[in-house]
Amino acid sequence: MAEGILSAEEFARNILEFFQVSDLLKDGWELRYEEKHAQQSCPYLVKRNVLRALHIADVGDAGRLDEHSRTEGAGMDATLRNMEEEEGEGGDGDEDVDVAMPDGRAVVAACRFDYHIVYNLSYSVPTLYFSACHQDGKILSLDEVWQSVPSHYQRRLQSERWTFITQQEHPILGRPFYCLHPCHTADLMTAVLKATSQTSTSHSNYLVTWLSSVGPVVGLALPLEYAKLCEKR
């Protein structure tokens, strides 16, 4: 196997191990299967209702960004309503909601994020898809999503901000989602595994190392208990 990538079989093993830890921790991840899809042999992970604080420079910007979201995000509003209806059929209305609050900037609004981890057949790597909306249901624009990225990541990713976070069709649900584009994942993981003297095949859980590296960019952090899955075999 080439360095930095993961087979569909290894991905399935990784997310099952990941889900078992999440279940013990009550961390909110759901393990799902899509029986009618071409990727039916590959399960995927979902974490819903993560509340995050949207931070922007000032109130004037807030007004402009909110107006921007009404125009750019209009195409996703129906998608979000459909998702909420489907989730409501299988979920508990009294379920706990996670809250992630970035430090150091004024809070403007709380926004809801849903995260999906799906295997990408073309790149042979996991991909992080996410949806994001204001409390009133308006979808965040790409500008607003970028504003929610912690400032130290914004500085590092400035030159590729519109290619690192993109809007694509969810490969299983067939709906528009934001995602962290998978084109650089193999290179990233090759460097990370090399730095820890491991390889894709000797590493116990590629998924945890990858998600620990890219998740914080969009407010998704892992409890330290997941680290036990990253020990060498």
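Computed from the coordinates by the stated procedures, all read-outs in this text should not be read as laboratory data. All values reported here derive from a predicted model rather than from experimental measurement. Heads up, the Cβs are rebuilt from the backbone with ideal geometry, glycines too, and the neighbour counts pull from every protein chain shown.
Among the listed pairs K26/K228; K47/K194; K47/K138, which are separated by more than 23 Å between their Cα atoms? Beyond 23 Å: K47/K194. Once the Cβ-Cβ distance of E3 and A227 is raised to the sixth power relative to R0 = 30 Å, the FRET efficiency obtained is 0.85.
Counting every other Cβ atom within 10 Å of each residue's Cβ, T127, T190 order from fewest to most as T190, T127.
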